[in-house]
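Below are the structure tokens for one structure; questions will follow.
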Amino acid sequence: MPTTAAPTPLLFGLLAGATLALVVVLWTAALRARRRRRRRAPHRAPPGAGVALARALEGDLAGAQAALEAVVRARQGTPDVVLGLVAVLRARGESTRAGRWVERLARRSPGPWLQALRLRLALDVGDSERALRILRASAAVPLELELAAWVRAGHWEDALRRYRERTTRKARQPEILGALVAGLAAQRARAGHERSARRLVRRAVGLDPTGLVPAAVGARLHPRAAERERCVGLLKRRAPSLVPGGEATPAESPALAEARAAHAAGDVEVALGGLRDHLEAAPGDWSARRQYVRWLLDAGTPEDWRVELAELLRLGAPAAEEGAGRPRCARCGFEDARGFFVCPRCDALGSMTIEGPGAAPEAAPPVLATGAEWRTLLNGIAPLQAGDDEEMTPG
């Protein structure tokens, strides 16, 4: 029976050498292919704060947000990067989400410098009472931000008192003092204290004869007919919708008032559901529709739904509202179809004016600005008539 010869060591060596050579060839080919792919691939800048800044300057806020979120995940959220992310979120109108980031940062790195930002974000989402709680617990915040928090919560007397406490007589600005005194006059008038209101409005107009807040209140309450007419003329030039009897903003519907109360109590779903039912019955209530869309945007709806609602709001606004011009802050340039006596961006008093008709710019980020709208200041004030004049001694 024939026998098979055992493999010789030479054959084993040849097989091992061939296998090793094949492995080296395949590894070399894979390495070369990988290098070729790298050369052909487009260069992509690594995500970072610089990339986020570049995208923000180009107007790509979504890209800036994505870059900053990547940095936060990689570096566990350094304070400067988190603050940059908060700024981008505010610019996109996502103030509630920005507030959550600030609270996380405050728990990890508490400091008085965060209080002003927490106050600002509370005002952004329309939570005036929370803003006051933060203000009372803070050692110091910028003066105009503090005044905005007081007046948006309806505390005009506190705002006036704090302005006097934080400034010297020589440093007080007549336009700020006049606006605060005029707001207090409007509050006194709504409470039925007519003589006190007229005395205050006369003082406010004397402090700042061309101020928008003194003019709006003075056109209704100034005890002299000539001064009321002068204030009306100023309003016709700078803010026609504030002329007595010509307000463009009607009193809000009961459904909107109920929804605001539910939202302030933290029941967002009830607020949205109530407005949704109301808008099915009254689709032309644009005040309710604007509020509904802002809450929906802030509640974290899908991107396509948010864009669809924002586009619906922009295209469906009444033509008269678009053609009448848009209120614009004379200080920072903030624009919004609604009128504010406090700018939601820079906290300036009486800086939002309408200089005339013009094309509407791109939609501003949604802000609630609760307590900053003109209707909260002027509603409930009965304008004086010609026969209501009274002579008052200076003082």
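Just one of 254, 174 is surrounded by fewer than 17 Cβ atoms within 10 Å (Cβ to Cβ), touching a Leu at 6+ places or on another chain (Cβ under 8 Å) and without any contact (Cβ under 8 Å) to a residue 40 or more places away in the chain; which is it? Full working, then the answer.
On the way: 254 fails: touching a Leu at 6+ places or on another chain (Cβ under 8 Å).
Selected residue: 174, the only one of 254, 174 that is surrounded by fewer than 17 Cβ atoms within 10 Å (Cβ to Cβ), touching a Leu at 6+ places or on another chain (Cβ under 8 Å) and without any contact (Cβ under 8 Å) to a residue 40 or more places away in the chain.
Out of the residues in segment 122-134 that are buried (at least 24 other Cβ atoms within 10 Å of the Cβ) and aliphatic (A, V, I, L, M), which is nearest to residue 376 (Cα to Cα)?
If we take residues in segment 122-134 being buried (at least 24 other Cβ atoms within 10 Å of the Cβ) and aliphatic (A, V, I, L, M), then 123 is nearest to residue 376 (Cα to Cα).
Only one of 239, 226, 219, 251 is modelled with pLDDT under 80, among the small types (Gly, Ala, Ser) and under 30 Å from residue 182 (Cα atoms); which?
Just a single option satisfies the conditions, and that option is 251.
Conditions: (1) at pLDDT below 75; (2) closer than 21 Å to residue 145 by Cβ. Residue 1 meets all but one. Number of the miss?
Residue 1 satisfies all of (1) at pLDDT below 75; (2) closer than 21 Å to residue 145 by Cβ except (2).
Anything in segment 181-211 that is buried (at least 24 other Cβ atoms within 10 Å of the Cβ) and either out of contact with any helix residue (DSSP H, G or I) (no Cβ under 6 Å at 6 or more places or on another chain) or not in a helix (DSSP H, G or I) (or both)? List them, or say none.
The one that is buried (at least 24 other Cβ atoms within 10 Å of the Cβ) and either out of contact with any helix residue (DSSP H, G or I) (no Cβ under 6 Å at 6 or more places or on another chain) or not in a helix (DSSP H, G or I) (or both): 211.
Mind telling me which of the residues 345, 338 ends up being at pLDDT 75 or above and outside any helix (DSSP H, G or I)?
345
Follow-up. Residues in segment 147-169 that are touching a residue at least 24 places away in the same chain (Cβ under 8 Å) and part of a helix (DSSP H, G or I): how many? Give the steps one after another, and end with the answer.
First, pick out the residues of segment 147-169 that are touching a residue at least 24 places away in the same chain (Cβ under 8 Å): 147-149, 151-154, 156-157, 159-160, 167.
Now restrict to residues that are part of a helix (DSSP H, G or I): 147-149, 151-152, 156-157, 159-160.
The number of residues fulfilling the criteria is 9.
Kindly indicate whether residue 290 is under 28 Å from residue 100 (Cβ atoms) and either modelled with pLDDT of 65 or more or out of contact with any Pro (no Cβ under 6 Å at 6 or more places or on another chain) (or both).
Numbers: under 28 Å from residue 100 (Cβ atoms): yes; either modelled with pLDDT of 65 or more or out of contact with any Pro (no Cβ under 6 Å at 6 or more places or on another chain) (or both): yes.
Yes; evaluated as a whole, the condition is true for this residue.
Something else: Please count how many residues of segment 55-86 are surrounded by 14 or more Cβ atoms within 10 Å (Cβ to Cβ), in contact with a helix residue (DSSP H, G or I) (Cβ under 8 Å, 6 or more places away or on another chain) and in a helix (DSSP H, G or I).
Residues that pass the stated criteria total 17.
The values are calculated or read from the model by the stated rules, or taken from the named source; none is laboratory data. Only a predicted model underlies this, so the values are computations on that prediction, with no experimental measurement involved. For neighbour counting, all protein chains shown are included, and Cβ atoms are generated from backbone atoms with ideal geometry for every residue, glycine included.
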